[in-house]
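No lab work stands behind these numbers, since they all come straight from the coordinates. All values derive from a computational prediction rather than experimental measurement. Every residue, glycine as well, gets a Cβ built from its backbone with ideal geometry; the counts of neighbours run over all protein chains shown.
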Amino acid sequence: MALMLLQTLLLFVLLSSNLVSAEDESKDETTTGTQQERKLEKSQESLRAFTDEEIAMYDGTNPDLPIYLAVKGTVFDVTSGKDFYGKDAPYNALVGKDSTRAVAKMSLAPEDLTYDVTGLTDREMDDLQRVYTETYQKKYPVVGYMKFDGGLGKLTF
Ligand code: HEM
């Protein structure tokens, strides 16, 4: 009898502790959700939306300003790559703008210095993605996104 009572008591304790932890978890989830949202909001606040005109001043001409280059609508601070991108450096033509097409084609031709990817081959799109991930995302901090057609955000190609 005493054993049964003990078992019931134990079961009760186990059940209620389960209930409490389930409640805790759902509370945790809400807290985590809110924290994630706040984090996202904060990261969006610290990121800037650039028009073509706004990014143009970060083209390495003014030594007091950082150097920005956008690929696929993401604006990277490439100041640490001054030897590539600074004034008179070999890839200076790419900066102060979104150079997605140029990066995809490995071209510095003026007509390729644009975010327009119309007509690129699958191979060029793959190359673009590789350089985006392996070079830009790995080496340089993101400072914002290009405002395209009034919209903000990464291009989804
Ligand atoms: C004769 C032609 C070229 C040669 C010999 C050459 C050579 C190089 C070398 C040695 C690097 C450095 C790799 C490293 O240190 O990680 C590099 C990086 C790069 N090259 Fe070229 N390149 C040429 C043409 C081009 C062209 C036409 C473009 C046009 C977009 C281009 C875009 C880039 C980019 C975006 C990087 C990465 C820079 C970075 O790390 O921020 N290259 N190239």
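All other residues with a Cβ under 11 Å from the Cβ of TYR68 taken together, and with Lys, Arg as +1 and Asp, Glu as -1, what is their net charge? Within the 11 Å Cβ shell, the charges total -2. Taking other C-beta atoms within 10 angstrom as a stand-in for reagent exposure, VAL143, VAL131, VAL95 fall in the order VAL131, VAL143, VAL95, fewest first.
Taking the number of Cβ atoms within 10 Å of each Cβ as an exposure proxy, the fewest-first ranking of MET146, MET57 is MET57, MET146. Here the peptides 60-70, 81-91 are ranked by packing, the mean other Cβ count within 10 Å, and the order with the highest first is 60-70, 81-91.
Each other residue within a Cβ distance under 9 Å of ASP52 adds +1 if Lys or Arg and -1 if Asp or Glu, for a net charge of -1.
Solvent-free Debye calculation, one equal scatterer per alpha-carbon of region 49-150: log10 I(q)/I(0) at 0.10, 0.19 Å⁻¹ equals -0.23, -0.87. Over all other residues within a Cβ to Cβ distance under 11 Å of ARG101, the charged ones net out to -2, with Lys and Arg as +1 and Asp and Glu as -1.
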